[in-house]
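Report on the following structure.
The values are calculated or read from the model by the stated rules, or taken from the named source; none is laboratory data. This one's a predicted model, so the numbers in the text were calculated from it and none came from an experiment. All Cβ positions, glycine included, derive from the backbone under ideal geometry; neighbour counts span all protein chains shown.
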Amino acid sequence: MPVIKVWCLPASQTEDNLRDLHKAIVKAVVAQTELGLKDENDMTCLFPPDQMQYGLGAEVIVEVLGLFTKPARTWEVKQLLAERLGDAVKVLYPNAKVEVFVSTFNQNEDGFWSSE
């Protein structure tokens, strides 16, 4: 089960903002059919609080960890997942630089997407 962590969100986030972000993330991940994930129960989304408030919202980092290596999870699939997640987050935070890192277990290739 992948774990998706979103870091550096603006400090002014409400429960509704986080629900909207969660829905956008789930939709982006499920759309990547090669992953074989059906809904929010197949992943964990975390929004850890950041210790330092300075600069929050200027850059948003998304980490996808815990994807097991499978033949269908090629570099191209991980790259497309990074792009889809990046696009989904960028829509909600248009003024932020958004970076997405996708990692799998037992594999050295990672997906990456940046809004810049």
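Residues in segment 64-79 that are within 13 Å of the chain's Cα centre (by Cα) and surrounded by fewer than 18 Cβ atoms within 10 Å (Cβ to Cβ) were compared, and the one that is modelled with the lowest pLDDT is G66. Among the residues making up segment 28-54, those that are over 11 Å from the mean Cα position of the chain (by Cα) and either in a helix (DSSP H, G or I) or of a type in the set (G, A, S) (or both) are V30, A31, T33, E34, L35, G36, E40, N41, D42. Candidates in segment 55-91 are the residues that are in a helix (DSSP H, G or I) and of a type in the set (D, E); of these, the one that is farthest from S115 (Cα to Cα) is E76. Among the conditions (1) in contact (Cβ under 8 Å) with a residue 60 or more places away in the chain; (2) closer than 12 Å to V6 by Cα, K27 misses just one, which is (2). When you look at V6, is it out of contact with any Gly (no Cβ under 6 Å at 6 or more places or on another chain), crowded, with 16+ Cβ neighbours inside 10 Å and in a helix (DSSP H, G or I), yes or no? For V6, the condition - out of contact with any Gly (no Cβ under 6 Å at 6 or more places or on another chain), crowded, with 16+ Cβ neighbours inside 10 Å and in a helix (DSSP H, G or I) - is not met. Residues in segment 38-68 that are farther than 22 Å from D20 by Cβ and without any contact (Cβ under 8 Å) to a residue 12 or more places away in the chain: Q51, M52, Y54.
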